[in-house]
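These notes concern the structure reproduced below.
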Amino acid sequence: MELVIFLGAIIIQDRIEECSFVDTNLLLINDHTSVSGSIVTVSEIHDEVIICQGSTTKCESFDGDVSVAIAPTRLEHQHAPMCQYEGQAVVIAGSGTETVEALQFSGWQLEPSHPLGKLYWTEFEIPANFCGASCTSLDDGIIVAGGYSAADGFFKDVYLFREELWKKVGELNHKYGYASMINYGTYFLIFGGAYEDLVVERINWDGEKITSTEKINDHEGICHRPIIFQSDPDTCSTPCPDSFCYQF
């Protein structure tokens, strides 16, 4: 098993090899943090990793050995999730914008804005924006869950992006900010990140809507966008507490 980890503002990458962290001595072009930046693996392009800084429009592509600068986003997408859709990286809203952008050969192109990004903060007569959400990629869409708006706080809402349209497809039992999700086909797991409920929840999915949700447990970690990955059963299980390793 090999997993590349991007270690925040110090911009050093580590790999997990045989359950140990190995320093690669590789550097990204720009600094990256899980709080403000966005990252996604685009499997159709030889597992290329797309990384956007968020606090600026700068983005880069990492192939496991070398990172190269790519087209900047049209707007800054700070605190925004990013997922893969139809072989393209898609970055969703952020603390300074409601826009959604997809990376195409011609650069980043605008997609329909997320509905929660259009909320208005009437007290101050400014856009509330939408940030801190989590997402996971489907074969034919993107699921976006949780998140924060200055108008309404944190959310339980789950939205589906498919065929250039956004649709609400259910709600979670808990509110989530800066959480992480992983897709297992007929269900998703969401791991709470920071600020709101620090729980792990199973989200059952029939391809069109959320059919049920189930809290698995609480966890004690407070981490913006915790790293989640799938491994073979009992891989590296000895040092892993029950709150962070699961078998289904």
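Restricting to segment 155-179, what's the tally of residues that are more than 16 Å from the chain's Cα centre (by Cα) and either without any contact (Cβ under 8 Å) to a residue 40 or more places away in the chain or assigned to a strand (DSSP E or B) (or both)?
The total comes to 12.
Rundown of residues vs (1) over 30 Å from GLN78 (Cα atoms); (2) modelled with pLDDT under 70; (3) among the aromatic types (Phe, Trp, Tyr), yes/no style:
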position	(1), (2), (3)
ILE210	no, no, no
LYS215	no, no, no
ASP218	no, no, no
ILE222	no, no, no
ARG225	no, no, no
ASP232	yes, yes, no
PRO239	yes, yes, no
SER243	no, yes, no
PHE248	yes, yes, yes
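Here are some conditions: (1) modelled with pLDDT under 90; (2) among the polar types (S, T, N, Q); (3) surrounded by 17 or more Cβ atoms within 10 Å (Cβ to Cβ). SER43 meets all but one. Which one does it not meet?
Just one mismatch for SER43, condition (3).
Select from segment 157-201 the residues that are aromatic (Phe, Trp, Tyr) and more than 26 Å from GLU101 (Cβ to Cβ) and list them in ascending order.
Scanning segment 157-201 gives TYR184, TYR187.
Go through ILE182, ILE203, ILE142, ILE190 for me and flag whichever is of a type in the set (Val, Ile, Thr) and either assigned to a loop (DSSP other than H, G, I, E, B) or surrounded by fewer than 22 Cβ atoms within 10 Å (Cβ to Cβ) (or both).
Among ILE182, ILE203, ILE142, ILE190, only ILE182 is of a type in the set (Val, Ile, Thr) and either assigned to a loop (DSSP other than H, G, I, E, B) or surrounded by fewer than 22 Cβ atoms within 10 Å (Cβ to Cβ) (or both).
Just name the residue that is nearest to LEU165 (Cα to Cα) out of those in segment 117-132 that are at pLDDT 85 or above and either hydrophobic (A, V, I, L, M, F, W, C) or more than 18 Å from the chain's Cα centre (by Cα) (or both).
The selected residue is PHE130.
Out of segment 77-105, which residues are part of a loop (DSSP other than H, G, I, E, B), in contact with a strand residue (DSSP E or B) (Cβ under 9 Å, 6 or more places away or on another chain) and within 19 Å of THR41 (Cβ to Cβ)?
Passing the criteria: HIS77, ALA80, PRO81, GLU86, GLY87.
Please determine, by comparing only the residues of segment 54-76 that are in a loop (DSSP other than H, G, I, E, B), at pLDDT 95 or above and not hydroxyl-bearing (Ser, Thr, Tyr), which one is farthest from TYR178 (Cα to Cα).
That would be ALA71.
Take GLY96 and tell me if it is surrounded by fewer than 19 Cβ atoms within 10 Å (Cβ to Cβ) and either at pLDDT below 95 or within 18 Å of ILE50 (Cβ to Cβ) (or both).
In short, yes.
Hey, does segment 52-65 have a residue that's among the β-branched types (Val, Ile, Thr) and more than 21 Å from ALA133 (Cα to Cα)? Lay out the reasoning, then the answer.
Filtering segment 52-65 down to residues among the β-branched types (Val, Ile, Thr) leaves 56-57.
Adding the requirement that they be more than 21 Å from ALA133 (Cα to Cα) leaves none.
Scanning segment 52-65 turns up no residue that is among the β-branched types (Val, Ile, Thr) and more than 21 Å from ALA133 (Cα to Cα).
The values are calculated or read from the model by the stated rules, or taken from the named source; none is laboratory data. Since the model is a prediction, treat every value here as computed from it, not as a measurement. Here Cβ is always computed from backbone atoms with ideal geometry, including for glycine, and neighbour counts include all displayed protein chains.
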